[in-house]
1. Looking at ILE205, ILE216, ILE186, which is the one that is open to solvent by 10 Å² or more (accessible area, probe 1.4 Å), in contact (Cβ under 8 Å) with a residue 12 or more places away in the chain and not polar (S, T, N, Q)?
2. Within the range 196-248, track down each residue that is more than 16 Å from the ligand (Cβ to nearest atom), closer than 13 Å to LEU5 by Cα and among the small types (Gly, Ala, Ser).
3. Any chance you could count how many residues in the range 119-140 are under 18 Å from the mean Cα position of the chain (by Cα) and either modelled with pLDDT under 95 or of a type in the set (A, V, I, L, M) (or both)?
4. Just to be sure before I move on: is LYS52 charged (D, E, K, R), more than 14 Å from the ligand (Cβ to nearest atom) and not in a strand (DSSP E or B) in the structure I sent?
5. How about the range 227-240: which of its residues are among the aliphatic types (A, V, I, L, M) and within 18 Å of SER210 (Cβ to Cβ)?
6. Being surrounded by fewer than 20 Cβ atoms within 10 Å (Cβ to Cβ) and within 16 Å of the ligand (Cβ to nearest atom) narrows it down to one residue among PHE89, PHE101; which is it?
7. Please specify each residue of the range 33-82 satisfying the condition of being closer than 15 Å to THR114 by Cβ and among the aromatic types (Phe, Trp, Tyr).
Amino acid sequence: MRMPLIAGNWKMNTTLAEASALVEEIKERLDIIEGVEKVLCPPFVSLTLIKKLLHGSSIKLGAQNIYFEEKGAYTGEVSPLMLSGICEFVILGHSERRQYFGETDEIVNKKVHTALKAGLTPILCIGEKLEEMEARKTEEVVTRQVNGALKGIESPQRLVIAYEPIWAIGTGRAATPEDANITIAIIRKTLSHLYGDGLALETRILYGGSVTAANIFEFVIQPEIDGALVGGASLKAGEFLSIVEQSAAAK
Ligand code: 13P
């Protein structure tokens, strides 16, 4: 049985004060929800403060990015070594990073390698563009992205994948749960080709893209969908709590 996971990707939102206010607002209710792994991914600068606020709770932390080198003259970058001890997860290859910061499958692959080496669990994001979906290329795109991101990785014991169709991110137009389930089954099949059925069946694959309290239940009751990577709705305390509570109830 795969433990469902709900991760909040706060993206480039919240000052330190806003981040700590949001954590204070959700942490008690979130902490007691069982049967779902709960992960908050705030901006880098809030990680250490939030780690302190969450001390002793069941809520875990993730970063939103890393650089693929461990240290050196890379002004402005954050290395995975700096994060180990602070957070357990790291979002990698988010479509916004691919779109605005030129991240290719090759770069994402390097990041997956360094993250795993540093003991972090990658939340590897993949997903097709609108025109690719319309041209029925979803399967081809996600398969290429998974193979590209995991190139040279022998056996990724710590890996979460998030299927986030780009046209569904921040648009209010989520994929249908049935379509997301079909694509996630394809992603699992790709993992199975790479690593065998055992690892494919153990790896959690999330859906992301306009997830809200109103639609989460329909996603998490799908057999292949193991939770969600939530953007906008993770910044609203009541909404995020409801998403996690419904996920616990659904599974
Ligand atoms: P929204 O939930 O705001 O659509 O964002 C999804 C996302 O990109 C999470 O990583």
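1. On the way: ILE205 fails: open to solvent by 10 Å² or more (accessible area, probe 1.4 Å); ILE216 fails: open to solvent by 10 Å² or more (accessible area, probe 1.4 Å).
Only one candidate qualifies: ILE186.
2. Of everything in the range 196-248, just one residue is more than 16 Å from the ligand (Cβ to nearest atom), closer than 13 Å to LEU5 by Cα and among the small types (Gly, Ala, Ser), namely ALA248.
3. The qualifying residues number 4.
4. On the way: charged (D, E, K, R): yes; more than 14 Å from the ligand (Cβ to nearest atom): yes; not in a strand (DSSP E or B): yes.
In short, yes.
5. Here is the first cut: in the range 227-240, the ones among the aliphatic types (A, V, I, L, M) are 228-230, 233, 235, 237.
Matches in the range 227-240: ALA228, LEU229, VAL230, ALA233, LEU235.
6. On the way: PHE89 fails: surrounded by fewer than 20 Cβ atoms within 10 Å (Cβ to Cβ).
Just one listed residue meets the conditions, PHE101.
7. Within the range 33-82, TYR67, PHE68, TYR74 meet the criteria.
The values are calculated or read from the model by the stated rules, or taken from the named source; none is laboratory data. The shown structure was predicted, so the numbers you read here are calculated from the model rather than taken from an experiment. Methodologically, a virtual Cβ is constructed for each residue, glycine included, from the backbone with ideal geometry; neighbour enumeration extends over all protein chains shown. Accessible surface areas use protein heavy atoms only, side chains included; no ligands, DNA or RNA. Shrake-Rupley method; radii C 1.70, N 1.55, O 1.52, S 1.80 Å.
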